[in-house]
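Data block below; observations after.
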Amino acid sequence: MAATWWKKLKQNSLARFGATVLAIFYLTVAFAEITAPYDPYEQQPNGSLLPPTTVYWRDQESGQFLGPHVYPVSQGPVDIETGSRETETDFSQPSPIRLWVKGAEYQLLQIKFPFVKSISFEESMQLEEVELFRGFTFDRHLFGTVGQGRWNIFGTDESARDQLSRLIHGGRISLSIGLVGIMISFPLGLLVGGISGYFGGTIDTIIMRLVEVIMTIPGFFLLVTLAAVLPAGLSSSQRFLLIVLILSFIGWAGLARIIRGEVLSLKERTFVQASQAMGGRSLHIILRHILPQTATYVIISATLAIPGYILFESGLSFIGLGIQQPDASWGNMLSSATNASILVLHPWLIWPPAALIVITVLCFNLLGDGLRDALDPRSLEE
C-alpha cells in the first residue's frame, strides 16, 4: 500500500513540482545565514531604495573581460523639481561575483525560543527569550562579491538593507509558522475529536458544543483584536509565539469535528471491538487503534492547512500587527504596498514577497491535492 500511494504521488507532476519548490524554500530559509548574501539588518551607506544591481561582464573603463561583476552604487542628491534621485555608480572599483565568499560573521545553527516568564493581571504576560544552543561562529556565504560593490539582486529597502537577504530571513517566520501551528493544533484536534467520538453521550455533547462555539469565532478579527492589545515591547520571536498560539487555539476545532465523525464509524469496526473485549483501556484504544486510521485525512488536511497559517501571519504583518520592523517577514515586507509611490517607483519592494507568498500557497495546495489523490482509498484499491 505504501509503495502504491508513493508511486501515484511521484507520477503527479504538479504535486512533484510543488514538493520540489517547497523543499528548496525550506532548505534556503533553514540555512538563511549561509544562503543570504548579507546581514538583513545591515544598512548600506547612501544605499536606500536602490534598484536591483546591474551585473556587468566587461570592465566599463578598460573594456577588458572580467566575468560577472558589479560596481559600488549609491543614491545621489534629490532633484528638487522632479523629486527623483539618480543613482551614482563608481566604475573604478569592479567587484567580482563569487561563490562561497567571506562576509559578515554569524552564529550558525543558533537556536532561541521565547518562554513564558510570568503571567499576572498587573503586568500581563511576560516572555523571555532563551538561547537553547549558541551555534557556531561562521563567516561564509553561498554567494556574494569581492570588493566594495554589493550585489543587491532585488535592490534595497527604505533603510538601505538588502532586500533578498531580508526575504530569505523573513521566510523563516512565514514558512515556519504553519508547521509550528499544525504541530500544536492537530494533536489537540485529534485527541479531542477522538475522545468525543469514542465515548459519545454527554461527553460528546459537551465537547461538540465547545467546538461549535470556537468555530463561530472569526479567526482574522480575533487575531487583529488580540494583536492590537499586545504590549508594544514584545520582540518578533515573542509575537511569533503568540500568533502561533492564537492560530492554534482557533484552528483545532474544525479538525476535531471531522475526526469525531471518523471515530464514530471506526469504533464499530471488528478490531476496535476485539481490543475492547481483551480489556484494552479507552485511551490506549483511541491512540493505538483508532486515530492511526485517520492518518490519511490528517496528512492531507495538514498540508492544506499550512497556507492558511501563512496567509494569516502575512495579513497581520501587512497591517502592522504582526512581526515588527526591523525584523522581517514576507507580510511586513509587503506592507510597503500601502504607499502608492513605493508601488509605482520602487516595485522591487513589493513583487518579490508577494510572489513568494503566492508561490508557497500554490505549492502547498498542489502537494495537498496530490496527496489526496494518492491516498484516496478508492484509488489504492484500483
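Annotation: Gly331 fulfils all but one of (1) within 26 Å of Phe221 (Cβ to Cβ); (2) open to solvent by 20 Å² or more (accessible area, probe 1.4 Å); the unmet one is (2). The residue of region 230-261 that is least open to solvent (accessible area, probe 1.4 Å), among those that are more than 30 Å from Gly170 (Cβ to Cβ) and among the small types (Gly, Ala, Ser), is Ala256.
Do the conditions hold for Leu167, that is, is it closer than 28 Å to Tyr309 by Cα, open to solvent by 10 Å² or more (accessible area, probe 1.4 Å) and of a type outside the set (Gly, Ala, Ser)?
Against the criterion (closer than 28 Å to Tyr309 by Cα, open to solvent by 10 Å² or more (accessible area, probe 1.4 Å) and of a type outside the set (Gly, Ala, Ser)), Leu167 does not qualify.
Does Glu131 fit the bill of being of a type in the set (D, E, K, R), part of a loop (DSSP other than H, G, I, E, B) and surrounded by fewer than 17 Cβ atoms within 10 Å (Cβ to Cβ)? Considered against the rule, which asks whether it is of a type in the set (D, E, K, R), part of a loop (DSSP other than H, G, I, E, B) and surrounded by fewer than 17 Cβ atoms within 10 Å (Cβ to Cβ), Glu131 comes out as no.
A count restricted to region 262-296 and to residues that are under 13 Å from Gly189 (Cβ atoms) and open to solvent by 40 Å² or more (accessible area, probe 1.4 Å) stands at 1.
Yes/no matrix, rows are residues, columns are (1) at pLDDT 80 or above; (2) farther than 30 Å from Thr89 by Cα; (3) of a type in the set (A, V, I, L, M):
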{"position": "Pro114", "(1), (2), (3)": "no, yes, no"}
{"position": "Ile119", "(1), (2), (3)": "no, yes, yes"}
{"position": "Met125", "(1), (2), (3)": "no, yes, yes"}
{"position": "Glu131", "(1), (2), (3)": "no, yes, no"}
{"position": "Gly135", "(1), (2), (3)": "yes, yes, no"}
{"position": "His141", "(1), (2), (3)": "yes, no, no"}
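The values are calculated or read from the model by the stated rules, or taken from the named source; none is laboratory data. From a predicted model like this one, the values you see are computed outputs, not experimental measurements. Virtual Cβ from ideal backbone geometry, glycine too; neighbours counted across all protein chains shown. The protein model used for the area step is the full one, side chains on, heavy atoms only, and it has no ligands, DNA or RNA in it. Shrake-Rupley method; radii C 1.70, N 1.55, O 1.52, S 1.80 Å.
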